[in-house]
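**Student:** Got a structure for you, questions after.
Each value in this text was obtained by applying a stated rule to the coordinates, not by laboratory testing. This one's a predicted model, so the numbers in the text were calculated from it and none came from an experiment. With ideal geometry, Cβ positions are generated from the backbone for all residues, glycine too; neighbour counts draw on all protein chains shown.
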Amino acid sequence: MDEDSLHLTLAFLGDVPADLVESALRVANDIQQEAFTLQLDQLAHWPHNRIAWAGCSKPPIALMSLANTLQHRLRQAEFTIEPRPFAPHVTLLRNCRQATAAALTPLHWPAREFVLVESLSPADRDGGGRYRIIGRWPLFATPKKTRG
């Protein structure tokens, strides 16, 4: 995977007709969620779809809340979301036929926003990445605790 295409998918929408993109943008506009840091501490491989990925052994509560809220509201807006449980991961390699377990020094990935992206066909990339961002929303900072 190219560095500029690394991401964690919160909700996969598949092919969305152009007239429904505005609906997806409206759903995301209404989400208020706190920022979090993802600790990627697992390397694994899914043989069925030949993907090598990095994940987290303990997903942050804020990540799970963001994904669940987004998926729920997209379903309410009549988008089809896969029924399988959310499995937070970052795809590292596609078409990986074999992989062995390897140690991973935990990587801390701060999440300060979430985005809606459009997958680009090779003809649409113009030498760029695989995705184009069409919407961007900040995650709010968690208030710092003060000593009393």
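**Student:** Which of the peptides 33-43, 111-121 is most tightly packed, and how do the rest follow, going by the mean number of other Cβ atoms within 10 Å of each residue?
**Tutor:** 33-43, 111-121
**Student:** A further question on this structure: Given a Förster radius of 35 Å and the C-beta distance between Ile133 and His108 as r, what FRET efficiency does 1/(1 + (r/R0)^6) yield to the nearest 0.05?
**Tutor:** Step by step, r from the Cβ atoms, then E = 0.95.
**Student:** Quote the relative contact order of the chain in percent (integer), defining contacts as alpha-carbon pairs under 8 Å separated by 6+ residues.
**Tutor:** 32 percent
**Student:** By counting other Cβ atoms within 10 Å of each Cβ, how are Trp109, Trp53 ranked from fewest to most?
**Tutor:** Fewest-to-most Cβ neighbours within 10 Å comes out as Trp109, Trp53.
**Student:** Dipole size in debye (nearest 20) for the chain around its Cα centre, Lys and Arg Cβ +1, Asp and Glu Cβ -1?
**Tutor:** Its charge dipole is roughly 620 debye.
**Student:** If you wrap a convex hull around the C-alpha atoms of the chain and split its volume per residue, what is the figure in Å³?
**Tutor:** In the chain, the Cα convex hull volume per residue is 148 Å³.
**Student:** Okay, moving on. Which order, highest average first, do 54-67, 76-89 follow once you tally other Cβ atoms within 10 Å for each residue and take the mean per peptide?
**Tutor:** Ranking, from highest mean packing down: 54-67, 76-89.
**Student:** Still on this structure, I have one more. If R₀ is 22 angstrom, what is the calculated FRET efficiency for the pair Asp41 and Ser119, using the beta carbon separation as r and rounding to 0.05?
**Tutor:** About 0.20, to the nearest 0.05.
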